[in-house]
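> Have a look at this one.
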Amino acid sequence: MMHQQQLQHALNALFTGCLLTFTFAAPSLALAQAPSDPHEVHHEKRMDWPGIYNGFTPCDDCKGVKTTLALNANNTYILITQYVGKSPRDITEKGKFEFSNQNTIILTPRDSGRTRHYFVDENKLVELDNNGVHHSGEDADRYVLRRNDVVKPPSEKGHGGH
């Protein structure tokens, strides 16, 4: 429980500092650790999915949605969105996610709002519609978030023998 609180505090501090710039420093990515729950391990074997994903997805009433999604190995996430041309404000959502089948995850926010569905592919996530179906139409290929960094467990090196 203490480790989870420390991790949550560290993630809050990390993302608060990154909200405006959407840039992430590689050393800060060492916060998430490999899952300790045996039923989570099969996801790691299937695909190396923990990491930070960025994209600029379509929007009906704005220029687009600037999106950053961090998936952690402990099945928590932080989603940061900005509706470009509509509001300069960043919206931060935190919650948990689960795999609904072999390659689809469902994000469930802490505030029990609207769930989101993503198809997990190699080094990218494809946002699905509210029913978990791939978008169609001329903008269908724009619902992609690309991974720019991988969350890795902390290394034992560099700790000076602690």
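> May I ask you to list the residues in the range 90-142 that are within 18 Å of ASP48 (Cα to Cα) and polar (S, T, N, Q)?
SER100, ASN101, GLN102, ASN103, THR104, ASN123
> If you go through the range 79-92 one residue at a time, do you hit one that is surrounded by fewer than 17 Cβ atoms within 10 Å (Cβ to Cβ), assigned to a loop (DSSP other than H, G, I, E, B), more than 13 Å from the chain's Cα centre (by Cα) and acidic (Asp, Glu)?
No, the range 79-92 has no match at all.
> Could you tell me which residue of the range 96-132 is farthest from ASN75 (Cα to Cα), considering only residues that are among the β-branched types (Val, Ile, Thr) and assigned to a strand (DSSP E or B)?
Taking the candidates together, the pick is VAL126.
> Oh, and also: For the range 133-143, which residues satisfy the criterion of being in contact with a strand residue (DSSP E or B) (Cβ under 9 Å, 6 or more places away or on another chain) and assigned to a loop (DSSP other than H, G, I, E, B)?
Listed by number, the residues that qualify are VAL133, HIS135, ASP139, TYR143.
> Further question: Give the range 93-132 a look and list any residue that's among the small types (Gly, Ala, Ser), surrounded by 14 or more Cβ atoms within 10 Å (Cβ to Cβ) and closer than 26 Å to LYS63 by Cα, or say none.
Selection gives GLY132 alone.
> Tally the residues that are under 15 Å from the mean Cα position of the chain (by Cα) and either surrounded by 16 or more Cβ atoms within 10 Å (Cβ to Cβ) or at pLDDT 95 or above (or both), restricting the search to the range 46-60.
Number of matching residues: 9.
The values are calculated or read from the model by the stated rules, or taken from the named source; none is laboratory data. Being a predicted model, the structure only gives us computed values, none of them experimental. Ideal geometry is used to build each Cβ from the backbone, glycine not excepted, and the neighbour counts take in all protein chains shown.
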